[in-house]
Every structure is written in structure tokens, then in C-alpha cells.
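Just below is one structure, and these are the notes that go with it.
Derivation of every value follows stated rules applied to the coordinates shown; laboratory data play no part. Note that this is a predicted model, so its numbers are computed, not measured. Every residue, glycine as well, gets a Cβ built from its backbone with ideal geometry; the counts of neighbours run over all protein chains shown.
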Amino acid sequence: MTDHNPNQAKGQGSELLSVRVNDQDFAIDIMSVREIRGWTPSTPLPHAPAYIKGMVNLRGTVMTIISLAERLRIPAAEPNASSVVVVVEGHGRMVGVLVDAVSDIINIDPSMVQEPPNVGSTSVGKVVNGLLTLEGRIVSIIGIDAIIPQDMMDETVLAA
């Protein structure tokens, strides 16, 4: 299992789901997306990291909700009726990713994807698999496996 797969980010899967968080555009490989749901209040998980918004019941299964904004360390709005949970699969498990809005499905060609700039931190390259420039805006392609910590289950079980 790797957190960063440049071939996948560069368009081997040709469709991305575009989402908005705090007026920034991000994209997720559509092959990771299982469903899109409206926000419903979640049950807090004691001692969980701040980016874990809680748990919800998804058809009889407890699913963890991760705030994409807080996970990316950008200012987060309080979830409301227009917030969206994108159910994704990463590290072999399903989690909900809380975003402000789902924008569009983007069809990409590998030549459209640019490398993230070197900012002196290797963690940027693990989370942002590539960049797209579309209609004057920059869209960061997010690696789902980097957003979902591999040891998340261990952390949450120990915290409960």
C-alpha cells in the first residue's frame, strides 16, 4: 500500500470528482468514491484527532467522518445542511470525507496534470498527487490513502 501513486494521479483513471473546501478546489479519483451523501450530525469519538468529526451509521455499519479541511490543516467551516460527505474507500476501508460542496466530474488527460511545487516538505507530495489548472483556478488532486491514516483504526480503537 502506498500513499502516493503518481501514475494514478496523472490520469490513469480519467475521471476525478471535484470538491470545494473553504473556497479551494480539490479533486478525488472517482474510482475511490463509493457514494455522495448529505451531512447528518455525527456522534463524537472520544480522544480522536481533531480532523475526525465523529461516526455515523451507514446502513448498519459505523463509518468514521474525516473533515478534509481539518485534515489538510486549512480553516474549516462548521458543517451545515449544505455540507456533503463523500464516502470513499482507502486502505481497504470506507470513510466519509466532509467537504463544503461537490462541484463536478472532471475528465482529465495525463498531460493536464502538473507536479506540486517543492515547498521543502515531503508531506505535500504525499497528500497532493498533482495539480490541474482549469478555467483560471488551481485544483489539487488529493491522494485518498494519504488523507485516511493507515493506523486510523488503531488510533480510534485505542481512543474509545
Using the Cβ atoms and a cut-off under 10 Å, what net charge is assigned to the surroundings of Leu58, where Lys and Arg are +1 and Asp and Glu are -1? +2
Here the gain from full extension of Glu35 to Glu78, 0.36 nm per residue of separation minus their alpha-carbon distance, amounts to 13.3 nm
Whole-Å semi-axes of the ellipsoid equivalent to region 17-101 (Cα gyration tensor, √5λ, descending): 18, 16, 12
Treat each spin label as a single point 7 Å out from the Cα along the C-beta direction, and report the His91 to Glu115 distance in nm. 2.8 nm
At R0 = 22 Å the Cβ-Cβ FRET efficiency linking Val102 and Thr43, nearest 0.05, sits at 0.40
Gain upon complete extension [Ile138, Glu15; 0.36 nm per residue less C-alpha separation]: 42.6 nm
